Amino acid sequence: MVAKGDEGKGPEFKMALRRGPNTTSYYLFRVVPTTQDQVDALRDIEDQPDGLNFWAGPTQPNGTVDVMVPPHKIADFEDMMNIINANYVVFIEDVQKLVDSERPSVEARSASFGWNDYYRIDQIYSWLEEVARTHPAASLIHAGRTFEGRQILGLKISYRNNNPGVFLEGGIHAREWIAPATLTFIINQLLTSTNTAIRNVAENFDWYIIPSANPDGYEFSHTNDRMWRKTRSPSNILCRGADPNRNWGFQWNTGGSSSLACSDTFHGSSAFSEIETRTLSEYISTIASKLKVYVSIHSYMQMLLLPYGFTRTRVSNYDSLLDIGRKSIASLATRYGTQYSVGNVYGVGTISLVIVADVASGSSVDWVMGVHGISNAFIYELRDTGRNGFVLPASEIIPTGQETLDALITLIYAWLDEMISANPGGRVQGITVGSTYEGREIRGLKITNNVNNPSIFIEAGIHAREWISPAVTTYIIDAILYSTNSTVRSAVDAYNWYIVPSSNPDGYEFTHTGNRMWRKTRSRGSLLCHGADPNRNWGYKWRTGGSSSNQCTDTYAGASAFSEVETRTIANYVTSIASELKIYLSIHSFSQLLLLPYGVRTSVPSNYNTLLNIGQKTADALAVRYGTRYTVGNIVDLLYVASGSSVDWAMGVHGIPIAFVYELRDLGQHGFILPADQIIPSGEETLDSLIYSWLNSLSLMNTGIVTPIVAGTTYEGRQIRGVKISYKSNNPGVFIEAGMHAREWIGPATATYILNELLTSKDRNIRYIAQNFDWYIVPSANPDGYEYTHTTNRLWRKTRSGGSVCHGVDPNRNFGFHWMEGGASSNSCLETHAGQSAFSEVETRSMAWYIWSISRKIQVYIAFHSYSQLLLIPYGIDSERVSNYQQLLKIGHKMAASLARRYGTRYTVGNIVDILYVVSGSSMDWVKGSVGVPFTYTYELRDQGRYGFLLPANHIIPTGQETLDSIVTLLHETRLSPGEPTLCKMSNMFHAGIHACEWIGPATVLYILNELLTSNNTEIRDIADNFDWYIVPSANPDGYEYSHTTDRLWRKTRSEYNSTCYGVDPNRNWDFHWGEVGTSPDPCNRMYAGPGPLSEVEIRGLSQYITSVAERLDVYISFHSYGQLLMFPYGFTEDPVDNYDTLSNIAEKAANSLTSVHGTVYKSGPIINPASGSSLDWVKGVLNVTFTFAFELRDNGTYGDLLPANLIIPSGEETLASVITILQQARGL
């Protein structure tokens, strides 16, 4: 247990203890240290307890410490407390009495297993075995072994294939009996309860439950020492065991544990020294990819704790975990009023506002999050707050189990809600793409990585019996959302995804409840027969072959095209997004085929050869992992005639250029009854086929623009692959290489991000550099090493060439320019080994030949490395300056300034030797010194050491964005392109009149518009001529007109919501934190937010237009009245926006400029009154426009919305002055 403060207060604290009549009793003292010296003294005592037993260890000043003291040590303990001047109280006067009453009397104990008693380990195991025998959904888990030879047993509960996994672990501390009891209670409920909420979580998740992770210790606590905590392995002559929750191999022994073998927090002789933790961790590693939630059950103190325990630094998803935790403990309190605190293991609880816990390194929860990236990990410290402590009466097992299960159910559903709703900018959205005959929704996910990305639509399960297809599709969803593999991330982040795991839910459910081999929908047909084949019912070439008019056959095409509600509604949804879609995939089984349209004999796609090429490379990529061979070809040629299919319709009606059907494993051995153990292999290889053919697909989708290149070969026979992007001839060339050092995953990820942006971005500056330079991009210059970091050693740096003892050479010390003249080693076992000679490595030798072959074209060379946030200039051999050093340095400083603009990331610029170290034989030095490329830079990308080489995947896009910003500046400053001499103009959008009654808004905007067109003022001409402008004077025309004809103070739109009330507040209707604060659900209220986000046609249309120009926008300003305020986001939260300081500084200067015109005083700052769903928040939060402001124009209430017309020009004049300041400041940044 990890302790906390100020819980369960007992009698008034005193310095002298009055003993009770029982002088042979064990006492539990509660101590409250008030100074750090007292805490340290108590820690020293805990390390060498000499018979004392710390139930709750010392944490921080004012935290509680519970110490059990044997009778003969009471006087010594009092003396020690008096010496350190610590407050203490007798909290339990007779611990033995509690122990005696902990279990029911022998007479009252049940003969069968239940939850009115605590059971020995053999009894628990017998019950688990019986449950596994009698419940089809339950199977026994052998999760590890113990020092004394026991098994660590548990249960897996699984009602259907490919559910997300939840892992529950308890009893890791032997004396915490309530933990195993609670977990067996939960097992029983998941298997037997008829409660709907319990059934939902039981059947829609796979449960892995280990009631006792420390069976030896648990048994010892029953037979010898009730307060035993550790394992039972011998530590030295005198002491046994290690604390198994300080023994896990993540940040082991970095705090909160002891190196003294006799201490209860002894961390073991090394990480995983204990067979219990070692074998349990090995088991968890085998299923880690399935796990979405991990919960460790402990006692006591009534807390819900969040990782990490080794540091105060919060995990990246701390706010999400905290929100989930709060909901969980609120649910827990509902049944019995039991109050929990929630917070970081090593931090401050935000509910109780007291110290929740202290440092605790080497825990299971930290390990699963830190090593396996299971981002939803929690610790429950169960009942109570110390009155019974570890000796909780058995009568509290059932209440504890009930409330804990309540909390877990809420926790799991809160996690699902967070996955969909808490993604920044709505990245993940639940979508309903259709409906079914039996009234179900056809649901899926939309994953938006970038509004300008091309989109992929994946549908599966259209044939009900093909269970592997929904399972593989959900596996792909999981990878898209959670994979940290940089290659996967690079590819999946380049697209937006629409994924529908089951296109035929009625049929799919029927295969589970009625007929496992059912294929069709479940619509009523004839008296005897149900359903139509939904993959023969689409409205393209319907009923022209390969289908039946007989309602009782499996290929019945339906009464007409789209007769089935499933196909009709899915088709309507696809039609609504067809303009976005570049790829359409339909997942089926079985036969191991990759099929091209069409399924009718009369035609083939116009791009058939292109599709065949993509298909073959896709099949090749799929075969790499497991050798699974797919055949590629036309549906008719390889399978049979099949008209009316979804994939034919997608290509034939909407012209989606790339469309395929996967017929998944196997070749018929199992057919549709593919064993569940093939889900993950099928998912892995299918994902491989999507990911690793990405570069080829890019080239084929951008014919004539993208060309695959082979820049070299590797020791293990791989190709060093990349692409050339060229929009026109005679462009100057830019060469980008990354991944030279294998472990620097952010390098390849950044290179592929930039590659994707060059092809897809609509930003004018990016389009300019894409089209006016030729690009040679090699994402991984060391493929052998890169692959080895994924399979064997995450921190491998070198190539994989063989050596007598040690493998590999540092490829960035092996180039033939001043080779081995410093900063390199001749020792083959060191990471900087420079090789036997310059270019000894096939990778460097072949890549150098390729660079030589295009050297006349290359004017810019960029190498991506990590980490340290440096921008390096040659050379690395000494402080000698290259001939154009000053030019490179000046450009470098401008690049670093551009890079910092977006996220504030600061880079240092300079010569390699000056700001890093001596490096000879590097690729950049060779390119500069031997090839003579004029502009050469090496980026040492994020970060500065917090994560180092293990940079989280959520840094890929920000790193890519800011790096590309700096490259735009680089290419502008080189003046290499003969085209446009300056960077493209910045762009602004203004809109006003979203609230109809605020007439001064449209009037002011029209005044500014007129000045931009007619004024000769130098400053006005500057912003008019050097910015692009998007100006919308009235964003609510219906309401504005109504305020002129009927109701002068009308605010809302004019849509009808009931017989008496009209309209929605259009500035509460935007789809970003809609409806959270500052709005009303009442249609008659002025701030009614609407029935849903974007319910108003005005806001839908305006948001779509803003999105279409978002990549161009630098500044966004909305005009309101009244209040004389200049505000910036956000309105839904008090948390500061990411560039708060920048916006605050600009707003203050703009307000001062405004005041200088007519003396009108404006206040500046974030939105004052809570208001969610506003245009300003949406533009900042969803589109990430950098400079976003809202004016509340004149006055302060004298006239309010009824501002006289003679104030229009003064308002316009002063507002324009402030706008000039905003734009000048934005341009300067």
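The values are calculated or read from the model by the stated rules, or taken from the named source; none is laboratory data. Note that the structure is predicted; figures quoted are calculated from it, not measured. Please note: Cβ atoms are built from the backbone with ideal geometry, for glycine as well, and neighbour counts cover all protein chains shown.
Some notes on this structure:
- Selection of the range 510-523 for residues being of a type outside the set (Ser, Thr, Tyr) and either within 10 Å of residue 463 (Cα to Cα) or touching a residue at least 60 places away in the same chain (Cβ under 8 Å) (or both) yields 512, 516, 517, 518, 519, 520, 522.
- Residue count, the range 832-879 (criterion: farther than 20 Å from residue 822 by Cα and part of a loop (DSSP other than H, G, I, E, B)): 7
- Filter result for residue 478 (more than 21 Å from residue 656 (Cβ to Cβ), outside the structural domain of residue 722 (by TED's automatic domain parsing) and either out of contact with any Ser or Thr (no Cβ under 6 Å at 6 or more places or on another chain) or in a strand (DSSP E or B) (or both)): yes
- Among the residues here, residue 615 does not qualify as touching a residue at least 60 places away in the same chain (Cβ under 8 Å) and either small (Gly, Ala, Ser) or outside any helix (DSSP H, G or I) (or both).
- Pairs with Cβ under 9 Å, 6+ apart, first in the range 943-954 and more than 9 Å from residue 868 (Cβ to Cβ), second outside any loop (DSSP other than H, G, I, E, B) and among the charged types (D, E, K, R): 953/489
- In the set 508, 540, only one residue is at pLDDT 90 or above and part of a loop (DSSP other than H, G, I, E, B); that residue is 540.
- When we screen 503, 586, 576 for residues that are outside any loop (DSSP other than H, G, I, E, B) and touching an Asp or Glu at 6+ places or on another chain (Cβ under 6 Å), the only hit is 586.
- Among the residues making up the range 1151-1201, a single one is buried (at least 18 other Cβ atoms within 10 Å of the Cβ), over 18 Å from residue 1115 (Cβ atoms) and among the basic types (Lys, Arg): 1194.
- Single condition residue 869 does not satisfy, out of (1) over 17 Å from residue 909 (Cα atoms); (2) out of contact with any helix residue (DSSP H, G or I) (no Cβ under 7 Å at 6 or more places or on another chain); (3) touching a residue at least 12 places away in the same chain (Cβ under 8 Å): (1)
- Residue that is surrounded by the fewest Cβ atoms within 10 Å (Cβ to Cβ), among those in the range 213-234 that are among the hydroxyl-bearing types (Ser, Thr, Tyr) and touching a residue at least 24 places away in the same chain (Cβ under 8 Å): 233
- Subset of the range 381-413 that is of a type in the set (D, E, K, R) and under 31 Å from the mean Cα position of the chain (by Cα) - its residue that is surrounded by the fewest Cβ atoms within 10 Å (Cβ to Cβ): 406
- You will find that of 667, 639, 585, the residue that is under 35 Å from the mean Cα position of the chain (by Cα) and touching a residue at least 24 places away in the same chain (Cβ under 8 Å) is 585 and no other.
- Residue 456 more than 18 Å from the chain's Cα centre (by Cα), at pLDDT 90 or above and farther than 18 Å from residue 590 by Cβ: yes
- Filter result for residue 1020 (in contact with an Asp or Glu (Cβ under 8 Å, 6 or more places away or on another chain), over 30 Å from residue 481 (Cα atoms) and not in a loop (DSSP other than H, G, I, E, B)): yes
- For the range 81-95, a residue qualifies if it is exposed (fewer than 15 other Cβ atoms within 10 Å of the Cβ) and assigned to a helix (DSSP H, G or I), and the qualifying residues are 82, 83.
- Counted residues, the range 1096-1111 - those being crowded, with 19+ Cβ neighbours inside 10 Å and of a type outside the set (D, E, K, R): 5
- Listed by position, the helices (runs of 4 or more DSSP H) enclosed by the range 112-228 that each have at least 1 residues that are more than 30 Å from residue 679 (Cβ to Cβ) are 121-134, 178-192, 215-223.
- For residue 1099, the stated conditions hold: it is under 25 Å from residue 1062 (Cα atoms) and assigned to a helix (DSSP H, G or I).
- Selected residue (only one of 837, 883, 825, 853 is of a type in the set (S, T, N, Q) and either buried (at least 16 other Cβ atoms within 10 Å of the Cβ) or under 25 Å from residue 945 (Cα atoms) (or both)): 825
- Residue, modelled with the lowest pLDDT, within the range 147-178, restricted to residues that are surrounded by fewer than 24 Cβ atoms within 10 Å (Cβ to Cβ) and on the phi > 0 side of the Ramachandran plot: 162
- Scanning the range 584-642 for residues that are in contact with a Phe, Trp or Tyr (Cβ under 6 Å, 6 or more places away or on another chain) and over 18 Å from residue 688 (Cβ atoms) turns up just one, 584.
- Within the range 316-336, the set of residues being hydrophobic (A, V, I, L, M, F, W, C) and touching a Gly at 6+ places or on another chain (Cβ under 9 Å) comprises just one member, 322.
- Failed criterion for residue 210 (all others in (1) buried (at least 20 other Cβ atoms within 10 Å of the Cβ); (2) closer than 21 Å to residue 54 by Cβ hold): (2)
- Checking residue 351 against (1) at pLDDT 90 or above; (2) part of a loop (DSSP other than H, G, I, E, B), the condition it does not meet: (1)
- Answer from 1138, 1195 - the residue that is over 28 Å from residue 1207 (Cβ atoms) and either among the aliphatic types (A, V, I, L, M) or touching a helix residue (DSSP H, G or I) at 6+ places or on another chain (Cβ under 8 Å) (or both): 1138
- Yes/no for residue 315 being modelled with pLDDT under 90 and among the hydrophobic types (A, V, I, L, M, F, W, C): yes
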